[in-house]
Amino acid sequence: MSGKTYDCEPTLTDEGVVDFCRQGFLILEGVVPDEVNRRAVAFLDQHPSLAPHEILNEEWFVEAVIKNPAAAGVVRSLLGANVLLPTWMSNHRIECPRPLNGGWHRDGGAVFTPRLDFLQVFYYPQDTPKALGPTEVLPSSHFIRGRRRFMQHYGNIRQGVWTAATAGSIFITHYSIWHRPTAATASGVRNLLKYLYWRTVPPERDWVVDGDVDAMNLDFLPGDIPGSPILETWHQCIPVAQMFYWLCGLAGNFEFTGGPSWPISAMKGWNTGIGLPPGFELER
């Protein structure tokens, strides 16, 4: 791969990695300094293009946003060492008000897989309350097969989460997550920068590992998502566990046995060990 790579210390634990697998997104509120946010807004006013790639040539932006310690630590945890840094920049810049919600969609090139080879990241350089039309995401939807021409006909979905946040917030998403633009009732300009990081190394469990973790006790069930689960009952924990095993570098060990075997057994508290794939406990 061409482009610059970056490495730092990972910040997520096993539980944090599992939570990302479950939800498909993570919001880091206000992690970019206010001075940088103001400078970014001024730069985008001078470069109002929807593809302001020039900002990636600004050292202050790269250091404070692209290599932001909080965000980079999460990216490093999920994509491994020597992450390929963004090579292009998109700005979902809109003039508010915007009267209507947009359609649900997965971005172009999205694939349905337990692999996690890249991450899509969004940065709000200004306060973005609901009145400025923040992006809405649908938790766990990266596990739902859907064609854009059908998805865009859906209206409000009870489990949707608005990414309204303060200036300097970054949210990290699985590329295949369902999302949509929302209506904006306020006046003014709203910027939302979007960019990608890429994996350059094979997956392995090299994030923050604190002591022995029992796979039977990891919560692969997307249970804290608002409203009812959007994935199939009983089966909703299976793709989460499969993605986690892929991230551990153990994809070849994972095979759902069927019935109330692991990970369904762990979800129900039936710690029989039946169907638990080998190889979870790694030397550290």
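Key figures
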{"item": "Some residue of segment 98-107 being outside any helix (DSSP H, G or I), farther than 24 Å from Ala186 by Cβ and in contact with a Leu (Cβ under 8 Å, 6 or more places away or on another chain)", "result": "no"}
{"item": "Evaluation of Ala183 against (1) among the hydrophobic types (A, V, I, L, M, F, W, C); (2) over 18 Å from the mean Cα position of the chain (by Cα); (3) modelled with pLDDT under 80 (one fails), failing number", "result": "(3)"}
{"item": "Residue satisfying condition, being modelled with pLDDT under 90, outside the structural domain of Met89 (by TED's automatic domain parsing) and under 22 Å from Ser176 (Cα atoms), within set Thr257, Thr233, Thr272", "result": "Thr233"}
{"item": "Ala110, sole failed condition from (1) touching a Pro at 6+ places or on another chain (Cβ under 9 Å); (2) touching a residue at least 40 places away in the same chain (Cβ under 8 Å)", "result": "(1)"}
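The rows are residues; the columns are (1) crowded, with 16+ Cβ neighbours inside 10 Å; (2) touching a Leu at 6+ places or on another chain (Cβ under 6 Å); (3) not assigned by TED's automatic domain parsing to the domain that holds Cys248.
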| residue | (1), (2), (3) |
| --- | --- |
| Ser90 | yes, no, yes |
| Pro125 | yes, no, yes |
| Thr135 | yes, no, yes |
| Gly146 | yes, no, yes |
| Phe150 | no, no, yes |
| Gly160 | yes, yes, yes |
| Thr173 | yes, no, yes |
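The values are calculated or read from the model by the stated rules, or taken from the named source; none is laboratory data. Keep in mind the model is a prediction, meaning the values are calculated, not measured. Here Cβ is always computed from backbone atoms with ideal geometry, including for glycine, and neighbour counts include all displayed protein chains.
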